[in-house]
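Step one of this worksheet: look at the structure below.
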């Protein structure tokens, strides 16, 4: 059982011992630390915070604890209840709130939950801000309000509909164009809030929807990370229903994957490539993804005359570089689309609408679209960490070993060989080293990953 405190928020497994897991005591402590920090950061005595959650089984319990803690600090809470990560992100500035908390462990299995923390723009906190909150939590330097100064709770369950309206109003989204294409789409909502939001969006765009696992019960019917090995049911159903394609989201709806008309994975990495292809065809500009994302985005960006740059892994890092480079679209290769005209956050609703526009204008099949893009293959493997493993020393040794290659050390070690690359880094969300490789053939990517793992184990004496 695990409690991880990082740039991605406070994430842990439910139950067990305080300080080692995400127990009720930990939920209260970190919610209080965030509230105390926000008072200092905003320099305001009266605060308003937006709260929303995915449908996982522990969500209501964690929500009640977090909301009550903030009320005890004198903070007013806008409670969206069942929502999505991008919906909470857009709600924060709309409500003129001072911050927001999303209660979700994203793609992690049902035993996990987390507090994802936002600033007044509805964007994730940076590393320094996160560190300050952890410091406050460690000291437990809290002062709660007297009874006359308690915060209030306002419940608002309309924000998914508001979010959909915002997507429909984007300049590059035309509902009539999509409606005229008469798409039929299968949706796997992994029994979380994507099962509410994505079908509603598609219906508003005139798309025929076939629902699979769209009841927000929190009982995930398969591993909720949208990877090929978990998605056999939707791949079969797309073919059976003769659908144009399938849509898969993770429990909090910030990761988006497509299934082709042939029942094959479009590839999470190519979600961003396709959406960028559409946006760059309409709006000249630059793109950003993280170091672990496919070279295909670089190729598509250059085709459209733009400049591609890579950021450290983590949404906040991608957003920072997007702002610095005036990127018109960006995101992460795990299916996360960040479209600044909407907001600076990964958003599967926005990605779905952009992809539908691309397909409506291009015509043809999703399988043909995928075949039109530069073909790269990735291997994503990991090494489980143990307390005695000197991860920083291992990464330093690997950097020294390949010092004559093109390299980045802004986030772990990324080694760019002429025909392929490998990225080694400590995970922000799990006690593992991630080993990502990419090459022109799957066997080449797998072999490179296996070779690097062997070299790491040799260095570590495993």
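The values are calculated or read from the model by the stated rules, or taken from the named source; none is laboratory data. Quick caveat, the model's predicted, so the values are computed rather than measured. Cβ placement follows ideal geometry from the backbone for every residue including glycine, while neighbour counts extend to all protein chains displayed.
Structure summary
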| quantity | calculated |
| --- | --- |
| Lone unmet requirement of (1) in a loop (DSSP other than H, G, I, E, B); (2) in contact with a strand residue (DSSP E or B) (Cβ under 6 Å, 6 or more places away or on another chain) for residue 108 | (2) |
| Tally, over the range 41-57, of residues that are under 22 Å from residue 219 (Cβ atoms) and crowded, with 22+ Cβ neighbours inside 10 Å | 5 |
| Residue match in the range 312-326 (condition: over 25 Å from residue 103 (Cα atoms), touching a strand residue (DSSP E or B) at 6+ places or on another chain (Cβ under 9 Å), surrounded by 20 or more Cβ atoms within 10 Å (Cβ to Cβ) and in contact (Cβ under 8 Å) with a residue 40 or more places away in the chain) | no |
| Among residues of the range 382-393, those that are in a helix (DSSP H, G or I) and within 28 Å of the chain's Cα centre (by Cα), counted | 2 |
| Subset of the range 139-153 (residues that are part of a helix (DSSP H, G or I) and surrounded by 11 or more Cβ atoms within 10 Å (Cβ to Cβ)) | 149 |
| Residues that are part of a loop (DSSP other than H, G, I, E, B) and within 21 Å of the chain's Cα centre (by Cα), drawn from the range 260-292 | 266, 267, 291, 292 |
| Odd one out for residue 302, checked against (1) in a loop (DSSP other than H, G, I, E, B); (2) more than 25 Å from residue 163 (Cβ to Cβ) | (1) |
| Tally of residues being under 21 Å from the mean Cα position of the chain (by Cα) and without any contact (Cβ under 8 Å) to a residue 40 or more places away in the chain across the range 196-211 | 1 |
| Test set (1) in contact with a helix residue (DSSP H, G or I) (Cβ under 8 Å, 6 or more places away or on another chain); (2) exposed (fewer than 15 other Cβ atoms within 10 Å of the Cβ) - residue 205 fails condition number | (2) |
| Residue 161 in a loop (DSSP other than H, G, I, E, B) and touching a residue at least 24 places away in the same chain (Cβ under 8 Å) | no |
| Lone unmet requirement of (1) in contact with a helix residue (DSSP H, G or I) (Cβ under 6 Å, 6 or more places away or on another chain); (2) surrounded by fewer than 24 Cβ atoms within 10 Å (Cβ to Cβ); (3) free of Cβ contacts under 8 Å to residues at least 60 places away in the same chain for residue 281 | (1) |
| Any hit, the range 168-185, residues being under 21 Å from the mean Cα position of the chain (by Cα), crowded, with 16+ Cβ neighbours inside 10 Å and either modelled with pLDDT of 95 or more or within 19 Å of residue 245 (Cβ to Cβ) (or both) | no |
| Subset of the range 435-462 [at pLDDT below 90 and either in contact with a helix residue (DSSP H, G or I) (Cβ under 7 Å, 6 or more places away or on another chain) or not in a helix (DSSP H, G or I) (or both)] | 459, 460, 461, 462 |
| Any hit, the range 364-375, residues being touching a helix residue (DSSP H, G or I) at 6+ places or on another chain (Cβ under 7 Å), farther than 18 Å from residue 294 by Cβ and surrounded by 15 or more Cβ atoms within 10 Å (Cβ to Cβ) | no |
| Single match in 136, 102, 178 (criterion: in the same structural domain as residue 72 (by TED's automatic domain parsing), touching a residue at least 60 places away in the same chain (Cβ under 8 Å) and in a helix (DSSP H, G or I)) | 136 |
| Subset of the range 327-352 (residues that are in contact (Cβ under 8 Å) with a residue 40 or more places away in the chain, assigned to a loop (DSSP other than H, G, I, E, B) and more than 15 Å from the chain's Cα centre (by Cα)) | 341, 342 |
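Results for (1) outside any helix (DSSP H, G or I); (2) in contact with a strand residue (DSSP E or B) (Cβ under 7 Å, 6 or more places away or on another chain), shown as yes or no for each residue.
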residue	(1), (2)
209	yes, yes
217	yes, no
223	yes, no
229	no, no
239	no, no
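For every residue, the table says whether it meets (1) surrounded by 23 or more Cβ atoms within 10 Å (Cβ to Cβ); (2) modelled with pLDDT of 95 or more.
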{"position": "86", "(1), (2)": "yes, yes"}
{"position": "89", "(1), (2)": "yes, yes"}
{"position": "92", "(1), (2)": "yes, yes"}
{"position": "101", "(1), (2)": "yes, yes"}
{"position": "120", "(1), (2)": "no, yes"}
{"position": "132", "(1), (2)": "no, no"}
{"position": "155", "(1), (2)": "no, yes"}
